[in-house]
Amino acid sequence: KSIRRLRSAGYPITEEQVRALAGPSGELCKQYIMQVFIDAGLCTELYGPHYRHLFKTQPDGSPGIATLSFPAAVPEEAVRLVVSAGGKAVLAHPGQMETLPGLKEAGLWGVEASHPKHCPKDTELCLRLAAEYGLALTGGSDFHGRYGEGEELGDCGIEQDPFSSDPSLFLFCRS
């Protein structure tokens with residue numbers, strides 16, 4: 001659908017070009033569309049003005065012409081599925097704090113407190129809520145490989161301080 005909208009707007013792109021980047025899984029995403037545009041010389045960066053024009057909400061409130069929508073699970077259902085499969089469900093990119101009681105009831109195990117886009121206020125909120133709800137703390141670099149936004153694998157995380165007798169965890173984000 002997005003590729004059809006792009007073609008209707010005059011962009012020289014085909015589904016085959018995007019699928020060639022998607023590989024065997026065949027999942028289409030914004031980054032593959034942008035890579036086709038970069039390869040064609042239509043733009044020079046993945047997450048620049050062209051990306052925002054195509055995929056993000058515009059200043060007037062209208063959607064970008066190629067906004068993608070994906071079916072999403074109900075968060076509590078997703079947590080229950082992870083737990084039933086023997087996994088540990090963690091709330092990543094915590095922006096759904098209002099759903100935390102229901103997620104905890106569904107089996108939520110942890111919350112991502114260390115993330116490269118967290119400001120100190122975000123981290124403090126995660127730490128407070130983790131303590132309040134008895135959740136484990138996790139951290140991650142949000143690494144997306146060549147289609148990332150500059151993050152590096154292992155940039156953020158949680159470790160035990162090896163130089164302290166206090167077993168508490170500390171958060172880190174390398175810059």
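Where in the stretch 9-126 are there helices (runs of 4 or more DSSP H), lying wholly inside it, with at least 1 residues that are open to solvent by 80 Å² or more (accessible area, probe 1.4 Å) and more than 30 Å from residue 137 (Cα to Cα)?
Values: elements: 15-22, 30-39, 49-55, 75-84, 100-106.
Qualifying helices (runs of 4 or more DSSP H): 15-22, 30-39, 49-55.
When you scan the stretch 5-16, do you find a residue that is under 30 Å from residue 108 (Cα atoms) and either at pLDDT below 90 or of a type in the set (D, E, K, R) (or both), even just one?
Step one: filter the stretch 5-16 for residues under 30 Å from residue 108 (Cα atoms), giving none.
Within the stretch 5-16, not a single residue is under 30 Å from residue 108 (Cα atoms) and either at pLDDT below 90 or of a type in the set (D, E, K, R) (or both).
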Does residue 54 fit the bill of being in contact (Cβ under 8 Å) with a residue 24 or more places away in the chain and in contact with a Gly (Cβ under 9 Å, 6 or more places away or on another chain)?
-> yes
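The values are calculated or read from the model by the stated rules, or taken from the named source; none is laboratory data. Only a predicted model underlies this, so the values are computations on that prediction, with no experimental measurement involved. We place every Cβ from the backbone using ideal geometry, glycine too, and count neighbours over all the protein chains shown. Each accessible area value is taken on the protein alone, full model and side chains, heavy atoms only, with ligands, DNA and RNA left out. Shrake-Rupley method; radii C 1.70, N 1.55, O 1.52, S 1.80 Å.
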